[in-house]
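The values are calculated or read from the model by the stated rules, or taken from the named source; none is laboratory data. Fair warning: this is a prediction, and the values are worked out from it, not measured in the lab. Virtual Cβ from ideal backbone geometry, glycine too; neighbours counted across all protein chains shown. Note: areas computed on protein heavy atoms with side chains; ligands, DNA, RNA excluded. Shrake-Rupley method; radii C 1.70, N 1.55, O 1.52, S 1.80 Å.
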Amino acid sequence: GGTMTGNIVLNDNVKSIYGTAGDGLEIYHDGSDSYINDTGTGSLIIRSADNIKLETNAAELYFQGIKDGAVKLYYDNAEKLVTSSTGVAVTGSLSTTTNISVGNNAFFIDDGKALFGAGYDLQIYHDAGGDSYIKELGTGQFYIQAENFRFKSADGASTLITANVGGAVSLYYDNSKKFETLTDGAKVTGNLEVTGTIT
C-alpha cells in the first residue's frame with residue numbers, strides 16, 4: 001500500500017483496472033464519455049454508510065437513496081417519484097404504455113376523477129360536497145352491460161331496480177316490487193295513478 005499526495009492522471013482510454021483484466025472493474029474516459037464498467041459475471045455494488053446521491057456537476061439531483069428511508073428520482077432537479085414504507089408517491093401525471101394491475105383499492109381524493117377515452121368523455125368521481133357522479137360527456141351512448149342487473153341501496157339491503165336478460169325489468173318501492181314488464185305488457189302491484197291519457 002501507499003499514500004498518494006497528488007492527482008493521478010490517466011490519459012484517454014487508459015483504464016484503472018481492479019481485479020483480473022477482462023473480468024474485473026474498469027474505470028476510464030474515452031475522450032468523450034466516462035465509464036465505470038464491470039466486465040465480470042458478478043454484480044456491481046455501490047455502498048455507502050449513509051445516503052447515496054447521483055448529481056450533475058452543478059449539484060442538481062438525478063437520484064437519491066436515503067439510508068433507512070426513501071429512494072427519490074428527479075426530473076430537472078424536481079422530485080418526481082418517492083418510495084415510502086407504504087408504497088410510492090408520484091408528483092405529476094403517471095403515463096403507462098400497457099395495463100395497470102391494482103392489487104387492492106385505488107383511491108381518488110374529492111373531485112379527483114377517473115377519466116376514460118381520448119377526450120375524457122367518461123368521468124367517474126366523488127365531489128367535496130358529498131355527491132358521486134358517473135358522467136358521459138361525449139356524443140355517443142352510455143351503456144351498462146350485464147346478463148342480470150341489480151341496482152341496490154348503498155348497504156345492499158334494499159333492491160331498487162332489477163333487469164334480467166330474456167326476462168323482466170322490475171321497479172321497487174321500499175324493497176317491494178311495484179312494476180314489472182311481462183311478455184305481453186306490464187304489471188303494476190298496487191294503485192296506478194295517471195295524470196294524462198292512457199292509450
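What to note about this one:
- Taking the chain and dividing mean pair separation by its residue count, relative contact order in percent (alpha carbons under 8 Å, at least six apart): 6 percent
- Remark: accessible surface ordering of S153, S48, S170, S95 (largest first) is S95, S48, S153, S170, probe radius 1.4 Å.
- Sorting the segments 51-64, 132-145 by their mean number of nearby beta carbons within 10 angstrom, highest to lowest, gives 51-64, 132-145.
- Simple spin-label estimate for T139 and I100 in nanometres, 7 Å along Cα-Cβ: 3.0 nm
- Apolar share of the accessible surface for the chain: 50 percent from carbon plus sulfur atoms, 1.4 Å probe.
- Dipole of the chain [Lys/Arg +1, Asp/Glu -1 at C-beta], most positive-end residue of G2, T159, L115: T159
- In whole percents, the pair-distance distribution calculated for the chain from its alpha-carbon pairs, binned every 10 Å from zero, is 6, 15, 20, 17, 11, 10, 9, 6, 4, 2, 0.
- The chain, accessible area per residue, ligands and nucleic acids excluded (1.4 Å, Å²): 83 Å²
- Eligible aspartates and glutamates near K178 by straight Cα distance, threshold 18 Å, same-chain separation 8 or greater: E193
- The slack in the chain from D50 to T86, taken as 0.36 nm per residue of separation less the alpha-carbon distance, amounts to 10.8 nm.
- Hits among lysines - C-alpha to C-alpha of K72 under 30 Å, sequence gap 8 or more where chains match: K53, K80, K113
- Entry note: the range 74-177 has Rg to Rh equal to 1.09, where both radii use alpha-carbon atoms and Rh is the Kirkwood radius.
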